[in-house]
1. Which ranges mark the strands (runs of 3 or more DSSP E) fully within the range 247-333 that have 3 or more residues being over 20 Å from LEU193 (Cβ atoms)?
2. Report whether or not SER128 is surrounded by fewer than 19 Cβ atoms within 10 Å (Cβ to Cβ), assigned by TED's automatic domain parsing to the domain that holds ASP90 and in a strand (DSSP E or B).
3. Being surrounded by 19 or more Cβ atoms within 10 Å (Cβ to Cβ) and either basic (Lys, Arg) or not assigned by TED's automatic domain parsing to the domain that holds ASP61 (or both) is the filter here; which residues of the range 16-49 pass it?
4. Residues to consider are ARG223, ARG164; find the one that is modelled with pLDDT of 95 or more, in the same structural domain as ARG145 (by TED's automatic domain parsing) and of a type in the set (D, E, K, R).
5. I'm trying to understand the selection: among the residues of the range 109-125, which are assigned to a strand (DSSP E or B) and over 22 Å from TYR155 (Cα atoms)?
6. Could you count how many residues in the range 277-308 are aliphatic (A, V, I, L, M) and touching a Leu at 6+ places or on another chain (Cβ under 7 Å)?
7. Report yes if SER171 is part of a loop (DSSP other than H, G, I, E, B) and touching a residue at least 24 places away in the same chain (Cβ under 8 Å), otherwise no.
8. List the pairs whose first member sits in the range 269-285 and is more than 15 Å from TRP231 (Cβ to Cβ), whose second member is at pLDDT 85 or above and in a helix (DSSP H, G or I), and whose Cβ atoms are under 7 Å apart, counting only residues at least 6 apart or on separate chains?
Amino acid sequence: MTMNKPVTDLSARWPNLADDRLGAEVLFCTDDFFASASRMLSHTDPQWKEGLFDDNGKWMDGWESRRKRCEGFDYSIIRLGLPGTIKGIDLDTSHFTGNFPPSASLEACHCENGEPNADTRWTEILPSVALSGNAHHLHSIDDERSWTHLKLNIYPDGGIARLRVWGRPQSRIDTSSRTPIDLAAVVNGGRTLACSDEHFGRMANILNPGRGINMGDGWETARRRTPGNDWVIVALGHPGEIQRIEVDTAHFKGNYPDSCSVQAAFVKGGTDDQIETQSLFWRELLPAQKLQAHEQHFFSDEVNEVGPITHIRLNIFPDGGISRLRLIGIPVDNTQKEYR
């Protein structure tokens with residue numbers, strides 16, 4: 001089923017399981033004569049470089065196979081950076097105008113150990129769909145099974161600029177361990193649900209691995225001209241008790257927030273759409289703290305003991321940008337968790 005929502009709607013709610021920053025990798029492709037298949041997993045937007053050629057032809061930012069002169073079709077096998085349930089995909093043919101595939105399909109498998117082989121059973125999760133040039137093709141995936149690998153088939157050949165695979169990561173958190181981890185990290189299943197504004201930078205960036213590479217690799221709001229403050233809501237990858245909080249304003253020098261605070265709750269029901277209203281009344285996990293430009297801020301003594309939580313609301317006053325948010329805590333074994 002084709003989705004009519006813009007790309008940002010999906011990318012805001014779910015992480016991209018095929019993001020190269022999360023370890024996604026192309027394991028095999030039948031042909032990538034013109035452009036390496038690994039490029040379609042890049043987290044950056046595809047670029048057009050006028051007049052740039054390499055030994056095989058025009059340089060393209062994506063995967064491009066040569067023109068097929070025999071029976072069959074091209075395909076690539078991809079290991080997801082995060083195994084999980086797939087909610088939606090985007091087959092992006094940006095800048096491919098006379099060299100895009102007329103159609104494509106997607107198969108998936110779950111390999112507990114190792115990589116797919118000749119005996120692997122693949123399941124079709126997206127039947128063949130028509131593609132057009134220089135366009136996003138968004139499709140929802142209605143399947144609750146968890147997958148580790150994908151097989152992208154293009155008929156018969158051509159170029160795909162980017163493959164985005166949004167979904168819910170499979171939890172790999174060991175609740176028997178008492179070692180503190182970042183419960184909000186995307187690699188541990190954390191995700192952003194809603195925010196007041198993301199004019200300059202996407203809210204999902206704040207949960208990515210590593211420190212931000214520039215201001216574009218963070219969450220930044222427009223300049224607030226009305227009373228109030230900006231905020232973002234995060235669902236933890238697993239319930240836990242928070243011990244330390246890090247707020248990183250890397251690269252935000254003239255536009256960092258003056259201060260921040262964090263509210264938290266253990267949510268036992270409801271949907272993503274209902275969380276925003278509930279968050280107004282959540283408990284105070286971190287009282288208001290002053291922030292500085294281009295700096296990592298660590299809070300531990302300031303963090304209140306509120307017990308196990310599943311969600312937080314980061315408030316920034318009055319507006320501005322942050323690069324990363326870390327919520328270090330102990331995961332708790334809670335079989336009664338109802339929120340999904």
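The values are calculated or read from the model by the stated rules, or taken from the named source; none is laboratory data. Predicted model only: the values in this text are computed from it and were never measured. Note: ideal-geometry Cβ built from the backbone for every residue, glycine included; neighbour counts use all protein chains shown.
1. Result: 283-290, 296-299.
2. Details: surrounded by fewer than 19 Cβ atoms within 10 Å (Cβ to Cβ): yes; assigned by TED's automatic domain parsing to the domain that holds ASP90: yes; in a strand (DSSP E or B): yes.
When the stated conditions are applied, SER128 passes them.
3. Once the filter is applied, which keeps residues that are surrounded by 19 or more Cβ atoms within 10 Å (Cβ to Cβ) and either basic (Lys, Arg) or not assigned by TED's automatic domain parsing to the domain that holds ASP61 (or both), the range 16-49 yields only ARG39.
4. Result of the check over ARG223, ARG164: ARG164.
5. None - no residue of the range 109-125 is assigned to a strand (DSSP E or B) and over 22 Å from TYR155 (Cα atoms), so the list stays empty.
6. 2
7. Yes, satisfied.
8. Short answer, once both residue conditions are applied: GLY270/GLN278.
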